[in-house]
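Each remark here refers to the structure printed beneath this line.
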Amino acid sequence: MRANKHNIFVKRLEAANIRNAEREVIWLACHALGISEAEFFTRESFSHSEISRIDELITRRESHEPLQYIISEADFFGRDFRVGSGVLIPRHDTEVLVEAALEIFRGKSGVKFLDWGTGSGCIGLTLLLELGDSFAYLLEASSAAMSYARENVARYNLESRVKFSYPENSESLDLIISNPPYIPTREICELMPEVRDFEPISALDGGVDGMDFYRLIFSDTCGFLKRGGYVILEIGDLNQYHEISSLQNFSNGFRFVREFYDFGNFPRCVLCQKLL
């Protein structure tokens, strides 16, 4: 019975054009039953109630609900973060932002930074965990996403090193870091259904040219940045890269420093420095 049901579940996901269908069936089954993969492979059979619980999750995945929403967790920089409906799912490409910040600040003490549009908190909390005595201001407009950020702060016992607000003082930050909404509005309909139909549009839609929130970040938050402080931003396309790297339409009080590339050799994030 186990082998037959397993094969049926795999075929259902394959028919729904889910890549890695076999692996996902195993993950979903283990999550549904609260068992390890080792136990899954050593079990001779499953009860009808167990199969029903697995079937419920397979049905959700058939509809293209993201796997991370179903299992309530996403991996980021080697750690698990709580996620669910209403919050952007962390991507491994976004780890490039953390690597860029660590290249600048590792070994430095007392780093204060702002994670603008924190979502699940994966960027800001990872930096706190990697930079021992740092402090983070986490900003998030969505109450649904904020609830997950708060869960993740508690999960890693970081309450004393976080404020969910703007800084109290101007020119007090060493870094502003963000993965803002950057997809041009007209391209939202072309996204894969897991993203288009399930993840929050407010975390995706960057306006007509995808640049709305870059302009907002530079105009709304950079007064909190020290002279010599840095801005690290994830970008989504080469037009955004060229505009930000030339600081076109942005404050002339900044200089473009460099880009950082993701696993696909795309310039995934840009680094700018405040001069004035």
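The calculated Kirkwood hydrodynamic radius for the stretch 163-217 is 12.9 Å, given to one decimal from all distinct C-alpha pairs. For the pair the stretch 199-220 and the stretch 223-276, the centres of their Cα atoms are 15 angstrom apart.
For the peptides 76-83, 181-188, 38-45, the ranking by mean Cβ contacts within 10 Å, running from highest to lowest, is 76-83, 181-188, 38-45.
Quick one: what do you get for the stretch 79-201 if you divide its Cα Rg by 2.2 N^0.38 Å? Show your work: numbers first, answer last.
Details: Rg = 14.7 Å, N = 123, 2.2 N^0.38 = 13.7 Å.
Expressed relative to 2.2 N^0.38 Å, the Cα Rg reads 1.07.
Here the chain is treated as a sphere whose radius is the Kirkwood value from Cα pairs; by Stokes-Einstein at 10 °C and 1.306 mPa s it diffuses with a coefficient of 79 µm²/s.
Quick check: at a probe of 1.4 Å, how many percent of the accessible area of the stretch 166-276 sits on carbon and sulfur atoms?
That fraction is 51 percent.
Rolling a 1.4 angstrom probe over the protein heavy atoms with all chains in place gives the chain an accessible area of 46 Å² per residue.
With the alpha-carbon atoms of the stretch 65-111 aligned to their principal axes, the span from lowest to highest coordinate is 40, 20, 18 Å, starting with the largest. Taking all Cα-Cα distances within the stretch 1-143, those exceeding 20 Å account for 57%. Along each principal axis, taking the top coordinate minus the bottom one, the Cα set of the stretch 45-127 gives 56, 26, 19 Å in descending order. Across the accessible surface of the stretch 36-75, with the other protein chains kept in place and a 1.4 Å probe, carbon and sulfur atoms take up 48 percent.
May I ask you to derive the FRET efficiency for residue 275 and residue 91 from their Cβ-Cβ distance with R0 = 35 Å, giving the value to the nearest 0.05? Provide the component values of the computation, followed by the final result.
Numbers: r = 31 Å, r/R0 = 0.89.
Plugging the Cβ-Cβ distance into 1/(1 + (r/R0)^6) gives 0.65.
Placing unit charges on the Cβ atoms of the charged side chains and taking the dipole of the stretch 1-103 about its Cα centre, the candidate lying farthest along the positive direction among 83, 42, 101 is 42.
Comparing 224, 46, 105 in a Gaussian network model of the chain (Cα springs below 10 Å), the most mobile by mean-square fluctuation is 46.
The values are calculated or read from the model by the stated rules, or taken from the named source; none is laboratory data. Since we're looking at a predicted model, the values are computed, not measured. Here Cβ is always computed from backbone atoms with ideal geometry, including for glycine, and neighbour counts include all displayed protein chains. Just the protein is used for accessible areas: all its heavy atoms, side chains included, with ligands, DNA and RNA removed. Shrake-Rupley method; radii C 1.70, N 1.55, O 1.52, S 1.80 Å.
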